[in-house]
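Colleague: Here it is, the structure in full.
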Amino acid sequence: MFDTDFGSRIRSLMIKCAVVAALFAIVVKLGDLQLMNEVVYGKKSEEITTRILVQQPLRGEIFDRNGSVLVENDPAYEVSVIPYEFKNTQIPSLAALLQMDSIDISRRIQIGENISPYFPVRLKRDIPFATLSSIEEHLKDFVGVYFDIEPKRVYIGKARAAHVLGFTKEISEPQLATLGDYYKPGDIVGYTGLEASYETILRGQKGLRYLAVNARGQTMGSYDNGKIDVQAQDGSDLHLSLDEGLQVLAESLMVGKKGAVVALDPNNGEVLAMVSAPDFDPSVFSGYTSKQQWEELNNGDNHALFNRATMSVLPPGSTFKMVLASAALQEGTIKDSWTVHCPGSFYFGTRLFRDDAVHGTVNVYEAIEKSCDVYFYNLMLKVGFDAWTKYGEMFGFGTKTGIDLREESAGILPSRDYYDQIFGKNRWTSGYLISLAIGQGEVSVTPLQLAAYTMTLANFGDYFQPHIVRYICDQRTGKTFYTQYSERNIPISKEVFDELRQGMELVVNGPAGTGSVAQIPGVIVAGKTGTAQNPHGKPHSWFIAFAPFDNPKIALCVLVENAGWGGSVAAPIAKQLLQYYLNETGALPQPQQNRVVAAAVLH
Amino acid sequence: MFKFLKDSFDYKTFLLAVLLGTIGVLSVNSATFNSASHSFFIRDIIWQASGLIVALAVLFSSNRFLQNGAYFFYVLTMLLLVFVLVAGKKVSSHSSWVGLFGGGGQPSELAKVATILTLSKFLSEKGSERNQWQVIGISIGIVGLPMILTMLQPDLGTTIVYLAIFFSILYWWGLQPIIIVGLIAPLAIIFAEFSGTTVLVITVISLGLLFFFLSGRRLFSVTLSFVAVAFGLFMEYFYKKLLQPHQQKRIQIFLHPNLDPQGAGYNALQARVAIGSGGLFGKGYLHGAQTQLRYVPARWTDFIFTVIGEEFGFFGSAVTLLAFGALFFRGLRIAELVKTRFASLASVGITSVLLFHAFVNIGMNINLAPIVGIPLPFISYGGSSILSDWMMVGILLNFYAHRKEH
């Protein structure tokens, strides 16, 4: 019936055309893949022919100024998963083995997979040694699950210095999004303190080892003889200016209190001690941190993670009086002989401002010594707002000190503009200045700012940028790098500083000094008390001091919140710290009597 | 003997098959090199040798043996197909492997050869006696039975191979082009439906134009187009019931390969990466990073072309394609040389099966065809596949040897 067409020429031709078309299509597509896009696929091929093994560098260690170790690393055991090798059906049994939440596991894997399915995702870190062997045993039953050792932070120093050192923690999702490509889920990152501010220096560089892998996921040795491997580079060490002994003492003195201690070396701005109380144990974060622990520390009533030394902004009280005095003396508003009669209170218009006591007729020295408010009320009206603000700025108030910690507040230094802004133009009067004269009202400072201010009073106006890290030591080369810090001179004459310092000397050593508690035999201590009124309870107790008077080696600021008078709470703490540090540095003369006794025994 | 070699032995076809088989052995060696699967290399050599013997055995069988034994062979393989459905052991979610010679075998591979022979026998012996519709109906029956049986296994790739057998043989036999297009139309529409509205519209319009061009009748063309569309839509309704989830997924992934780069699409992506990274001359034998590092799954079976593409590059791929092309043309040449219609039809059927296998297999390696899991003739590892390939070569050789006989 269709015989005529059987195997006809046209049909033969059509079939041959089909054959040629099919082969041609393949050749074209092959050409596209192999000739046009070889580079693209070649690169892809390199990327996925291997299993990537991430080598965690050792995080840099942290030392105090005398070379004693504060933070180092210990091996910790972790379990990770390579998402594309892993089968989700394993999740329940894996969760049971690791004692983790199934949802948590699948979420972690999901996040990691989105970034790269070939990169290991850490599931659980810091596995306790006790359960180690049983977990390791059972892990062999799982596909795509690996067991690794990674370094973990250990805090072996006697000092906690929790807020200075800060802590490391597993990177959070928002951080992953903002910190860039270096980090992968499960990575450890410096969260606070020096761990955060020196993150890129401390962390080092991750190494990448490329392993050849067989069909069963077993490694077949290094890929391409390790030619494309990247060696891990350990992080650099930080050598701090912190004095461990002083830090330990300061921490012990602040136990059970709320407040802060900042001690600086007035010769260079190095932080000798920095305490924020209450503190926390940074090692809590170095391994696996439970949600509950985190919540408690982060949101608890104590705000233990909050660095009061650099972030807490409170009215400085009478410690601020030298700002006003310096303005008055330097601007020539008054001479040091200028006096005010203090009847114990001060009327501005109809408003009454009380003083602590009836101080009688006082000059600038006595006013500082006795912390006479009436003197400074009067002085403030003479000096004026602008000069006060200007000198406050010169001492660094209202701006961050630029210390090498991210956690820092600028505080508030009121000015005309500031008052115009918050109260409205012409909606505030000179009466508002009265409080500022004694460091009350809108002015607020951090303990660090007050310590830096004390430093400049101690060294006649050299403002060194406060800093904690003295130098960085590169692990590989052994080279040290000194970090550059700014320094500036406050344009106030030596004579004015002499006058301010004399007043501060009297605070401690004068007959009516408010800080006589801080007297140390054999050494002249200068200081200033501050009692900042607190509408919510007992006043905040401040004390700033430096010593020895003629050749200051330490300048410090002690704050105890809701504690009472500066002279009675903060000053005794400051005294012990000064005594310890001066003794340690040899600035404290050895008691003469002992030598006499020894000599007597010899005879 | 010399006279036989000179007159009766189609050394061209034979050498092309040997060349392809050799490429296969080398590729399987590379694909399994240094791995626990390397025993497949030895087994591949054994299967190729066995295939060679089968081919020679078929070559030297009598001129009437194939035509006479076709129906018996057909019934036997159909029984085997039923047997695997009932008692087959599962291999990668197919049930097409039966315990044969202790190693397992896929009767669907043999069933293809049996179907070619049976359809050719039927058309050459009875085709002229019946009317066109009876011929079509019975042909559909002959091809439809193994098709349904393989579809039930389920084995999508092999199922579609039967379409190639059916259309190529009937076309060669002389079926009107319009009927071929009419039969292909619903299938084209089903396929187009998964590819999006634009493709569907284009397909329907071009089918309508094709109908009009072939028949010259407007009303008839439009009606036929509508019937085709209706059938396609009807089939789409059964899509979810007829196809297994993994088959649906494969089709989806073929059409949208970026949907699932880690699942089934992962295979396709890995294969493409391997082949693409081969470049012009490849990375060198046993030096393909993708294949040596075993990133390509099923690399000694369905994705063996990645070994050729990666290690021998575009050049090696082209050589392989040329060998295939030459073999196909040799098959078509034999179809024209032989005196019997049976041999001619069967030669075309064999050529189309080999072409279809090669095209779809290489196509799925390079994202030109869905990943349906059919082997690359002579090259993919697999006993029954290699045996049936060689058996088909043997049949071509037999036809050539007896080409002058009526």
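Colleague: Arrange A:164, B:360, A:496 by Cβ neighbour counts within 10 Å, fewest through most, would you?
Modeller: Working: A:164 30, B:360 24, A:496 20.
Fewest to most other Cβ atoms nearby, the residues stand as A:496, B:360, A:164.
Colleague: A follow-up question, please. What average number of partner chain Cβ atoms lie no more than 10 Å from the Cβ of the residues making up B:325-333? Let's see the in-between values first.
Modeller: Numbers: counts 7, 0, 0, 7, 3, 0, 2, 5, 2.
Across the residues of B:325-333, the mean count of other-chain Cβ atoms within 10 Å is 3.
Colleague: Straight-line reach from residue A:575: which lysines fall under 23 Å, measuring Cα to Cα and dropping same-chain residues less than 8 apart?
Modeller: Candidates past the 8-residue exclusion: A:158, A:257, A:258, A:321, A:370, A:528, A:538, A:553.
Colleague: Placing unit charges on C-beta atoms (Lys and Arg positive, Asp and Glu negative, everything else neutral), compute the dipole magnitude of the protein assembly as shown about its Cα centre in debye, rounded to 20.
Modeller: Working: 81 positive and 82 negative charges, 961 e Å.
Using only the charged Cβ atoms, the result is roughly 4620 debye.
Colleague: Let a ≥ b ≥ c be the square roots of the eigenvalues of the Cα gyration tensor of the range A:265-322; is it rounded (a/c under 1.5), or, if not, prolate (a/b larger than b/c) or oblate? Intermediate values should be presented prior to the final figure.
Modeller: Numbers: a/c = 4.80, a/b = 1.83, b/c = 2.62.
Oblate is the answer for the range A:265-322, as a/c is 1.5 or above yet b/c matches or exceeds a/b.
Colleague: While we're on this one: I'd like to compare B:328-334, A:361-367, A:30-36, A:295-301: which one has the highest average count of other Cβ atoms within 10 Å, and what's the full order after that? Don't skip to the end; give the middle numbers.
Modeller: Working: B:328-334: 22.4, A:361-367: 20.7, A:30-36: 18.7, A:295-301: 12.0.
Put in order of decreasing packing, that is B:328-334, A:361-367, A:30-36, A:295-301.
Colleague: While we're on this one: In a Debye calculation with equal point scatterers on the alpha-carbon sites of chain A and no solvent, what is log10 I(q)/I(0) at q = 0.05, 0.10, 0.11, 0.13 Å⁻¹?
Modeller: Those come out to -0.34, -0.91, -1.02, -1.24, one per q.
Colleague: Distance between Cα centroids, the range B:196-222 to the range A:401-432: provide it in whole Å.
Modeller: With the range B:196-222 and the range A:401-432 each reduced to a Cα centre, they are spaced 81 Å.
Colleague: While we're here: What number comes out for the charge environment of residue A:389, summing +1 per Lys or Arg and -1 per Asp or Glu over other residues with Cβ under 13 Å away?
Modeller: On the way: positive: A:390, A:416; negative: A:331, A:386, A:393, A:417, A:420, A:442.
Around residue A:389, the charge tally is -4.
Colleague: Please report, for the Cα atoms of the range B:161-213, the Rg to one decimal and the Dmax as a whole number; what are they, in angstrom?
Modeller: Here Rg and the maximum Cα pair distance are 12.1, 35 Å.
Colleague: At a 10 angstrom cut-off on C-beta neighbours, averaged per residue, how do the peptides B:137-148, A:69-80 rank from highest to lowest?
Modeller: Details: B:137-148: 17.8, A:69-80: 19.4.
Result, highest mean first: A:69-80, B:137-148.
Colleague: Could you give the semi-axes, largest first, of the ellipsoid that matches the range A:51-240, computed as the square roots of 5 times the alpha carbon gyration tensor eigenvalues and rounded to whole Å? If you can, show how the numbers build up before the last one.
Modeller: On the way: eigenvalues 179, 75, 52 Å².
Square roots of five times the eigenvalues give 30, 19, 16 Å.
Colleague: Sticking with this structure for a sec: Please identify the DSSP H helices in chain A that span no less than 24 Å along the helix axis (Cα) and have a mean Kyte-Doolittle hydropathy of 0.0 or more. Can you show the working numbers first?
Modeller: Details: long enough: A:9-30 (31 Å, 1.75).
For chain A, where a helix must reach 24 Å along its axis and average at least 0.0, the hits are A:9-30.
Colleague: Taking the dipole about the Cα centre of the protein assembly as shown, with the C-beta of Lys and Arg at +1 and of Asp and Glu at -1, give me whichever of B:41, B:353, A:62 is farthest to the positive side.
Modeller: Sorting the options by dipole projection puts first B:353.
Colleague: Restricting to Cα atoms and excluding each atom paired with itself, what does the Kirkwood estimate give for the protein assembly as shown in Å?
Modeller: Working: mean 1/r = 0.0279 Å⁻¹.
Result for the protein assembly as shown, one decimal place: 35.9 Å.
Colleague: Subtracting the Cα-Cα distance from 0.36 nm times the residue separation, let me have the gained length for residue A:299 to residue A:267 in nm, one decimal. Let's see the in-between values first.
Modeller: Numbers: separation 32, 0.36 × 32 = 11.52 nm, distance 3.83 nm.
Between residue A:299 and residue A:267, full extension yields an extra 7.7 nm.
Colleague: May I ask for the distance between the Cα centers of the range A:112-170 and the range A:277-329, given as a whole number of Å?
Modeller: Using only Cα atoms, the two centres lie 29 Å from each other.
Colleague: Translational diffusion coefficient of the range B:1-64 at 4 °C, 1.567 mPa s, Stokes-Einstein with Kirkwood Rh over Cα pairs, in µm²/s as a whole number. Spell out each step's value before the answer.
Modeller: Details: Rh = 13.4 Å.
In µm²/s, the coefficient is 97.
Colleague: Would you please give the FRET efficiency between residue A:173 and residue A:93, computed as 1/(1 + (r/R0)^6) with r the Cβ-Cβ distance and R0 = 25 Å, to the nearest 0.05?
Modeller: Details: r = 26 Å, r/R0 = 1.06.
Plugging the Cβ-Cβ distance into 1/(1 + (r/R0)^6) gives 0.40.
Colleague: I've got another one for you. Kirkwood Rh over Cα pairs of the range A:350-494 into Stokes-Einstein at 4 °C, 1.567 mPa s: D in µm²/s? Each step should come with its number before you reach the end.
Modeller: Numbers: Rh = 17.7 Å.
Value of D from the Cα-based Kirkwood radius: 73 µm²/s.
Colleague: Quick one: net charge around residue B:398, please, counting Lys, Arg +1 and Asp, Glu -1 for every other residue with C-beta under 12 Å from its C-beta. It would help to have the intermediate numbers written out before the result.
Modeller: Working: positive: B:64, B:403; negative: B:10, B:405.
My count for the surroundings of residue B:398 gives 0.
Each value in this text was obtained by applying a stated rule to the coordinates, not by laboratory testing. Quantities reported herein were computed from a predicted structural model and do not represent experimental measurements. Quick reminder, even Gly has a Cβ in these numbers, built from the backbone with ideal geometry, and neighbours come from all protein chains shown.
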